[in-house]
1. When the residues of region 275-329 are filtered to those that are among the aromatic types (F, W, Y) and open to solvent by less than 20 Å² (accessible area, probe 1.4 Å), which remaining residue is nearest to S66 (Cα to Cα)?
2. Among the residues of region 238-256, write down those that are part of a helix (DSSP H, G or I) and buried (at least 18 other Cβ atoms within 10 Å of the Cβ).
3. Of these, N533, N515, which one is assigned to a helix (DSSP H, G or I) and either out of contact with any Cys (no Cβ under 8 Å at 6 or more places or on another chain) or within 21 Å of K617 (Cα to Cα) (or both)?
4. Do any residues in region 128-149 that are free of Cβ contacts under 8 Å to residues at least 40 places away in the same chain and farther than 22 Å from S164 by Cβ have Cβ atoms under 9 Å from those of residues that are open to solvent by less than 60 Å² (accessible area, probe 1.4 Å) and of a type in the set (A, V, I, L, M), where the two are at least six apart or on different chains, and which pairs are they?
5. Name the single residue, out of those in region 149-172 being out of contact with any Leu (no Cβ under 8 Å at 6 or more places or on another chain) and open to solvent by less than 40 Å² (accessible area, probe 1.4 Å), that is nearest to C136 (Cα to Cα).
6. Could you figure out which of (1) open to solvent by 70 Å² or more (accessible area, probe 1.4 Å); (2) within 30 Å of F292 (Cβ to Cβ) isn't true of Q195?
7. Six or more apart or on different chains, Cβ atoms under 6 Å: show the pairs whose first residue is in region 525-554 and closer than 16 Å to T489 by Cα and whose second is part of a loop (DSSP other than H, G, I, E, B) and not hydrophobic (A, V, I, L, M, F, W, C).
Amino acid sequence: MEEMKEEIKQEAGNAPVNAAAPAEAINDSAKIEKKRKNKKIKVGFPISFKLIVIFSILVICVLGFSTAMVYYFVSDDEGKKAQTNNQDINSRTSQTIQQLFQNIQGNVNGYLNTLLVLDNDVSYDEKASLLFADLCNRNDEIAFIYTSQKGMIGEADFLKAHPSALGMFENWLNTNDTIKTAVINGRNRVENISQVFQEPLICILFNHYNSEINKNEIVAVGFSVQKYIDVLSTGTYNTTFIINTDGKILIHPDNTKILNVENVSHLAGIKAIKEKENQQSVYADDNGIEWFYAGEPILDRTMFVVTCADKSVVFETIQKTTYWIILISLAVLFFAIIIIRFFSRSLTAPIERLVDATSSIEAGDYDISIKARTHDEIGYLTKNFMNMTVGLSERQRLMSSFSKFTNRVVAEKAASGELELGGVTKKATIFFSDIRSFTAMSENLKPQEVVDFLNDYMTRMVNCVTRTNGVVDKYIGDSIMAVWGGAITSGSASTDAWNAVKTALLMRVALYEYNVQRKKEGKPAVKIGCGINTGDVVAGQMGCEQRMEYTVIGDAVNLASRTEALNKPFATDILITENTYKLIKNRIIVHEMPPVHVKGKTDAIKIYAVINAIGVKGPTNIDELRLFLGNKAPDLSRVNTDEEEKKYEIQA
């Protein structure tokens with residue numbers, strides 16, 4: 001039973017509550033406070049504002065002129081200095097890097113030529129290892145040397161870290177046919193192979209004549225870039241890096257860029273450097289940041305040394321000066337505003353208090369108090385305003401008290417003119433619920449206990465109505481009449497019908513929980529019956545001049561009441577008519593009950609007992625439902641569905 005109860009509660013309770021749900025669930029004071037805080041005073045052009053604007057314009061003009069003068073006299077000179085410094089750093093770095101690369105390539109050529117002389121020597125391997133060790137001593141950045149004829153010889157630590165270095169390199173070379181073809185055709189290449197070995201490494205590839213086979217072979221020298229990073233010349237705000245002909249970064253102070261083999265060929269500054277030597281200009285990067293660029297090709301344009309400087313950093317001194325000018329100007333403006341506000345306060349303060357008070361009244365807050373501090377027109381206006389506020393406050397108090405005795409949604413719609421006078425035909429779903437054997441139950445209770453019980457019970461049940469966008473029409477003793485589609489609707493007759501049935505399912509769960517509590521307190525369980533019908537009704541404000549209420553009337557209302565009364569003989573708790581069932585039959589499990597004849601109608605009315613919502617664990621048939629409710633199955637052959645419910649018995 002616990003599992004079934006939770007499932008029903010989840011299905012019926014998780015449905016979203018319509019934004020137009022009755023306002024009884026809203027805390028009025030919190031609502032008013034929120035509206036009052038969010039309400040902004042809107043005045044076209046206050047006096048203090050005009051004074052502040054005039055003075056601000058003067059300060060801004062001075063600020064703009066001063067800033068323009070600083071940029072005009074200083075920025076051009078700083079830009080020229082930055083370009084010259086950028087070019088000098090690039091030139092020095094290019095010479096150093098080119099010399100280092102030429103040295104390493106020359107040493108490798110000497111090493112390879114020596115190997116050719118030793119080719120037939122019986123101790124070739126030993127001498128080759130000694131020669132390579134000597135080469136590494138003179139060029140400690142070398143990681144390996146590869147030739148297409150001899151394979152790879154590498155530095156011990158490198159080979160230990162990469163046991164499959166030869167295969168890894170040859171696989172990379174074979175998958176880069178463009179590079180391989182260029183080297184075979186005599187064009188030297190410098191490539192970033194960091195991603196192959198997962199460490200910062202670059203590789204020089206060139207042709208070397210092998211007299212033993214009488215043809216050229218591919219030679220590749222892989223080496224660490226750390227030594228070259230250390231010799232990159234940098235200034236206060238300059239960054240120098242090296243790229244190859246494809247625009248891929250070879251050497252950069254940031255190892256991440258090397259390891260990721262970033263390609264910068266798309267940058268406008270790099271394109272200009274590759275097209276024209278010693279290019280010096282200003283270009284924007286992908287983020288729109290402007291940079292000074294200087295570049296120079298080395299080693300027959302196989303590499304380009306690039307030096308750049310962030311323009312904003314170059315002009316940082318100018319920006320700081322401008323910043324201080326702005327800061328001082330703002331400080332002057334700030335103190336001026338304080339002075340202006342001080343002198344204008346005596347005039348604007350009383351007006352602002354009145355404007356704020358009107359905003360509070362508009363938000364529904366009448367608890368305000370303003371004293372007239374002057375004897376002029378503003379003081380006279382303040383006194384009359386407070387007299388008006390007292391009258392409005394009394395009217396609001398009466399309205400608040402009245403709303404407790406009628407439906408809040410209906411009251412608000414009537415006050416705003418949304419409800420038309422007279423009757424309007426609408427398709428609505430009407431709901432009636434009633435406590436079984438309430439008369440017998442109340443006989444054993446004191447009057448105050450009866451009231452307390454009904455208030456507790458009604459609070460739980462009415463909460464189910466408000467959660468599904470329903471409107472409580474009236475209380476009839478222990479009965480509740482509610483309507484969906486009358487004063488407010490969820491958009492369609494089927495949605496209103498589903499919300500009404502969902503309310504009944506919510507009540508079933510709420511009553512189950514209520515009875516668990518009552519059982520712990522030693523009180524008897526409460527049973528109810530719910531009747532639901534959908535049909536055309538006349539909705540409107542009805543009554544007399546002294547008292548009116550918004551309600552619905554018609555055959556559909558009478559049938560809903562009659563349907564509710566049938567729960568007792570049928571031993572059920574929720575009954576719906578065929579009119580309601582047709583609208584939501586794909587959402588609920590029902591059991592068809594014996595038909596009912598209603599006065600004024602020729603054909604019998606079909607009645608259905610609501611077992612459960614489809615897809616929810618719980619009762620699946622009428623027997624399981626009665627077991628859950630604790631009701632015994634009646635002998636339907638003896639039930640007269642046309643008999644009126646009797647709530648009295650005449651003693652002989």
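The values are calculated or read from the model by the stated rules, or taken from the named source; none is laboratory data. Everything numeric here is computed off the predicted structure, so don't read it as measured data. So basically every Cβ, Gly included, is an ideal-geometry build from the backbone, and we count neighbours across all protein chains shown. Just so you know, the surface numbers come from the protein's heavy atoms only, side chains and all, with ligands and any DNA or RNA stripped out. Shrake-Rupley method; radii C 1.70, N 1.55, O 1.52, S 1.80 Å.
1. Just the residues of region 275-329 that are among the aromatic types (F, W, Y), to begin with: 283, 291-293, 304, 315, 323-324.
Filter once more, keeping what is open to solvent by less than 20 Å² (accessible area, probe 1.4 Å): 292-293, 304.
Values: F292: 26, Y293: 30, F304: 42 Å.
If we take residues in region 275-329 being among the aromatic types (F, W, Y) and open to solvent by less than 20 Å² (accessible area, probe 1.4 Å), then F292 is nearest to S66 (Cα to Cα).
2. None; the set is empty.
3. Working: N533 fails: assigned to a helix (DSSP H, G or I).
Only one candidate qualifies: N515.
4. Filtered contacts from region 128-149: L131/L115; L131/L118; L135/V108; L135/I142; L135/I145.
5. G154
6. (2)
7. The qualifying pairs are V537/G554; V538/G554; A539/G486; G540/G422; V552/G486.
Every residue, every condition in (1) closer than 18 Å to I476 by Cα; (2) modelled with pLDDT under 90; (3) open to solvent by 70 Å² or more (accessible area, probe 1.4 Å), yes or no:
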site: G554; (1), (2), (3): yes, yes, no
site: V557; (1), (2), (3): yes, no, no
site: T563; (1), (2), (3): yes, no, no
site: N586; (1), (2), (3): no, no, yes
site: E592; (1), (2), (3): no, no, yes
site: V596; (1), (2), (3): no, yes, no
site: K599; (1), (2), (3): no, yes, yes
